[in-house]
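The values are calculated or read from the model by the stated rules, or taken from the named source; none is laboratory data. Since the structure is predicted, the reported quantities are computational estimates derived from the model, not experimental observations. Positions of Cβ are generated from backbone atoms using ideal geometry, with glycine treated the same way; all protein chains shown enter the neighbour counts. Ligands, DNA and RNA are excluded from the accessible area calculation, which covers all protein heavy atoms including side chains. Shrake-Rupley method; radii C 1.70, N 1.55, O 1.52, S 1.80 Å.
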Amino acid sequence: MFSRRRGATSSDKKPRKEKPTAGAHELFLEYEGFLAPSKPPPGTPSALLPTPSTPLTYGEHSGHRLELSEDTLRSSTASHGKPRKSFSGVGDANDELRSQPKRTPSQRTKSFLSFGKTAYGEPSHNIHNFSRPGPNYIVEKEALAQSKTSGWLRRCMSTSLKHRPSTPSSSMTSPPPYDGSLVFEDGDFTALPAMPGCAIELEPSKPSLNLASGAAARAAAAAQNEILDSMRNITLAEPHLTRDSESGVGIEVRDGGETMAEFDFDIPVVRQDPLSALPQELVGHILSYLDASSLLNAELVSHDWHQSASSRHVWKDVFHSEFQDISQRNTTMAGNGRGPGLGKVFSCQEWKSMWRARKALQQRWNDGYAAAIYLEGHTDSVYCVQFDEDKILTGSRDRTIRIWDARTYECIKVLGVPSRGAGSAVPPLPADVADRGQRPFAKVFSSQSIVEPERTAPWLFMYHNGSILCLQYDDKIMITGSSDCTLIIWDIKAGYRPMRRLREHTAGVLDVCFDEKHIVSCSKDATVCLWDRSTGELMKKLSGHRGPVNAVQLRGNLVVSASGDGIAKLWNLTSGLCIKEFPSKDRGMACVEFSPDSRTILAGGNDQVIYQFDTSTGELVREMKGHEGLVRSLHLDSASGRVVSGSYDTSVKAYDMRSGEMIVNFTKWTSSWILSAKADYRRIIATSQDSRAVIMDFGYRLPGIESLEA
């Protein structure tokens, strides 16, 4: 059963000091017949004294043999003339074990331990919990489901030669008789049996134990403690059944590992109106964290709640939390000029009415419900448009730039000298027919007042003498590009006076964009030019396209260009090199858009689809389909996440940027090709080859729409 530790000799061991009290391991060996019994304390009746045995041997099964003399065995239990004290009932256990008959060698393979039942065969419910070791151990009784045997066993096996003798406690119980429940086979020290109802599998171990060290007792105590600890943590979940327990409805199953007190549903709940207990300022601050629909429901609680929930300060926070976050993403390039639709900030602003107007406007976008407002005045194709909440600027093949009032739709100024032969009749609009597109719910035409261009100004020689193909402006300057191969910088604050002409391109200037430092232009000559905004000097000329460069977009130090060669190129302005290419599947590209965060590139052309590319990876994210002709114009309204496109199929469409789904389809609102299309939170403005510009106004006659203007 036990064997010597390999490699250890008697010379390696330190001399051990004799202890006055026998440990549990000696008691075990004495009971099994390996050791001679210890001397009984004085006064023990002779009838209880066992017959002295002959010198014994142990370790026969493992090939080791050691002679143990009776004097040697008895010397470890000498009391030195003092009455021997027991530790936690060990003396009683000695008496009971000595009264048991000697075990035969075949019986020594079985355990002397009994687990789980008392001497009377009934389960016990006492467990002894030991405190931190000290001169004396403190023993407590706890009302837990354990047996008296396990309590006696833990006390007995936790005792070794290293423990001091202690006074037996009155709470100790005598050990039960042995029932042979633990078996040792082939020298293995197997685990203790599992508690009834608790299946615990422990791997058998083969420790090398020294009889004189108390390791066997400590190992048994450690195994017992592990079992007891695992028993404490395992609790079967008991369902809390209701009257309808047959169907399983209302059954509450609690985690057995958690100790949670029963909730008493009879405890009265204190209900108090927070408006009566909190300051009005704190109530308003709390309500401002609600969404609009919850705030509208809060207004229906009571008169006081209605008054607090209708506060302008509360609705201001709710309005901005819903719309300002997306509007702040509209960090478009300089010259965009389009308002985000957040209104003006002043003390008496009705933010709740603004929220209602904005929600109604959004619903009109979803339904495609808009009015058509036609701007008539140009005498030839209108190639480009730019607008804000106050004005609309259009450029035409008739070599003029017209400035329109965005509220009255009247032309207030004409820049440039009209071309000869201008004044041809404007083609009629197509008749309203039922088709797959959405039709305007109203048609409005601009006033027919005639505005003559300036003919006596000293700077007339600086006007374009070709078609106005592109334009862009900010609050300081406007830049136009023409088929006369030049660009003109106009001073807006000086009444749109031409300031400087830029010459470098050898063909018509098809597109232009700028920021606070640079101006970028592209041309039919297949080049892209980079200019200094403050001086007008040429900084770089980017070459690489094999066809006309139809569109450019600028974002910081990056420029993206789209060409008729079917490739969109991404350029680095510092190095002047092309760093990435985005090819189409078939034909040339006519338009391009660059998202404000520089992560997305949109391109369209002869393929009749809109390509969405990822700038970082160069991969094609999706294709937006629906057009039946060349996609001539693109605009990304990042505030609303809408992509607006114009095509030669005379349609204007809007797509959801995140899903790619079409949300607006305006077909044949003009009589010819759509050459340019721009949008903001309220409207789309498109220009056509039929010399008109059409405003597709979703906010036309919408109550409270004026409050959204900045």
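Just the residues that are farther than 16 Å from residue 489 by Cα, open to solvent by 10 Å² or more (accessible area, probe 1.4 Å) and among the charged types (D, E, K, R), please, taken from segment 383-401. Selection gives 388, 389, 390, 391, 397. When each of 654, 639, 686 is tested for being open to solvent by 10 Å² or more (accessible area, probe 1.4 Å) and touching a residue at least 40 places away in the same chain (Cβ under 8 Å), the lone residue that passes is 639. With respect to residue 337, determine if the residue is modelled with pLDDT under 90, outside any helix (DSSP H, G or I), open to solvent by less than 30 Å² (accessible area, probe 1.4 Å) and within 26 Å of residue 683 (Cα to Cα). Taking the combined requirement at face value, the residue does not satisfy it. Among the numbered conditions (1) open to solvent by 10 Å² or more (accessible area, probe 1.4 Å); (2) over 18 Å from residue 382 (Cβ atoms); (3) out of contact with any helix residue (DSSP H, G or I) (no Cβ under 8 Å at 6 or more places or on another chain), the only one that residue 501 does not meet is (3).
Scan segment 603-614 and tell me whether some residue there is under 27 Å from the mean Cα position of the chain (by Cα) and farther than 23 Å from residue 366 by Cβ.
Step one: filter segment 603-614 for residues under 27 Å from the mean Cα position of the chain (by Cα), giving 612-614.
Cutting the leftovers down to farther than 23 Å from residue 366 by Cβ gives us 613-614.
Scanning segment 603-614 turns up at least one residue that is under 27 Å from the mean Cα position of the chain (by Cα) and farther than 23 Å from residue 366 by Cβ.
The residue that is nearest to the chain's Cα centre (by Cα), among those in segment 355-376 that are under 13 Å from residue 688 (Cβ atoms) and crowded, with 18+ Cβ neighbours inside 10 Å, is 372.
So, of the residues in segment 340-354 that are open to solvent by 30 Å² or more (accessible area, probe 1.4 Å) and assigned to a helix (DSSP H, G or I), which turns out to be farthest from residue 317 (Cα to Cα)?
Pass one, segment 340-354, residues open to solvent by 30 Å² or more (accessible area, probe 1.4 Å): 340, 344-348, 350, 352-353.
Filter once more, keeping what is assigned to a helix (DSSP H, G or I): 352-353.
On the way: 352: 10, 353: 13 Å.
The qualifying residue farthest from residue 317 (Cα to Cα) is 353.
When 607, 515 are screened for being out of contact with any Pro (no Cβ under 7 Å at 6 or more places or on another chain) and either crowded, with 24+ Cβ neighbours inside 10 Å or within 19 Å of residue 474 (Cβ to Cβ) (or both), only 515 passes. Restricting attention to segment 461-483, the residues that are touching a Lys or Arg at 6+ places or on another chain (Cβ under 8 Å) and not in a strand (DSSP E or B) total 7.
Of the listed requirements (1) closer than 22 Å to residue 622 by Cβ; (2) surrounded by fewer than 24 Cβ atoms within 10 Å (Cβ to Cβ), residue 645 misses just one: (2). Those strands (runs of 3 or more DSSP E) of segment 527-589 in which at least 1 residues are among the β-branched types (Val, Ile, Thr) and surrounded by 21 or more Cβ atoms within 10 Å (Cβ to Cβ), considering only elements entirely within it, cover 527-532, 549-555, 558-563.
Scanning segment 598-631 for residues that are of a type outside the set (Gly, Ala, Ser) and over 15 Å from residue 584 (Cα atoms) gives 599, 600, 617, 627, 628. When each of 458, 428 is tested for being more than 21 Å from residue 532 (Cα to Cα), modelled with pLDDT of 75 or more and part of a loop (DSSP other than H, G, I, E, B), the lone residue that passes is 428.
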